[in-house]
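J.: Before anything else, here's the structure in question.
The values are calculated or read from the model by the stated rules, or taken from the named source; none is laboratory data. Here the structure is a predicted model, which means the values were calculated and not measured. Backbone-built Cβ (ideal geometry, glycine too); neighbour counts: all protein chains shown. To get the accessible areas, we keep the full protein, side chains included, count just its heavy atoms, and leave off ligands, DNA and RNA. Shrake-Rupley method; radii C 1.70, N 1.55, O 1.52, S 1.80 Å.
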Amino acid sequence: MFNDIGALELVTIVVLAVLVFGPDKLPKVIQDVMRTVRKIREFSESAKQDIRQELGPEFKDFEFEDLNPKTFLRKQLDNEDLGLKEIRNGFDLKKEMAEVTDAVQAREQESSSSSSASSSGGRIDMVKKPEEPGKDDRPPFDADAT
């Protein structure tokens, strides 16, 4: 619950508690807070049990933590029935990239040897050149935009 509280924050909270409540009332305040936290936990556990009883026996393995989207996705992706681990292990990105690189280099070699007599030297210009608008060309008019 308080995983991101460091030592400095904890010391600050203790010092503020001593200053606000005083050293003589602090133990009583801590007991009251702990009692309240215990009651809230008991209330939530009893509510969970009531919901499980109302859902019936088909939901006996239902966990409320599964309602958290992160937990739900993690549980579903770790499921062995889907076969995702085999897919993940069978996919080698370095091997795939090497195959693509080899195919591209082979295509470049073929195109350069077949069109060596051409004036472009076997290279294809992949850069799209912007068209220069004429003086009489107007941009398209959109009636809905105005």
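J.: Find the residue count for the stretch 1-49, including only residues that are under 30 Å from F62 (Cβ atoms) and open to solvent by less than 100 Å² (accessible area, probe 1.4 Å).
T.: Residues in the stretch 1-49 being under 30 Å from F62 (Cβ atoms) and open to solvent by less than 100 Å² (accessible area, probe 1.4 Å): 9 in total.
J.: Now for a separate question. What number of residues in the stretch 50-75 are open to solvent by 70 Å² or more (accessible area, probe 1.4 Å) and part of a helix (DSSP H, G or I)?
T.: Looking only at that region, the number is 15.
J.: In addition: For the stretch 77-95, does any single residue satisfy the condition of being at pLDDT 80 or above, assigned to a helix (DSSP H, G or I) and of a type in the set (A, V, I, L, M, F, W, C)?
T.: Checked the stretch 77-95: no residue is at pLDDT 80 or above, assigned to a helix (DSSP H, G or I) and of a type in the set (A, V, I, L, M, F, W, C).
J.: Within the stretch 97-110, is even one residue charged (D, E, K, R), open to solvent by less than 90 Å² (accessible area, probe 1.4 Å) and at pLDDT below 80?
T.: Within the stretch 97-110 (the criterion being charged (D, E, K, R), open to solvent by less than 90 Å² (accessible area, probe 1.4 Å) and at pLDDT below 80), the answer is no, since none of the residues qualifies.
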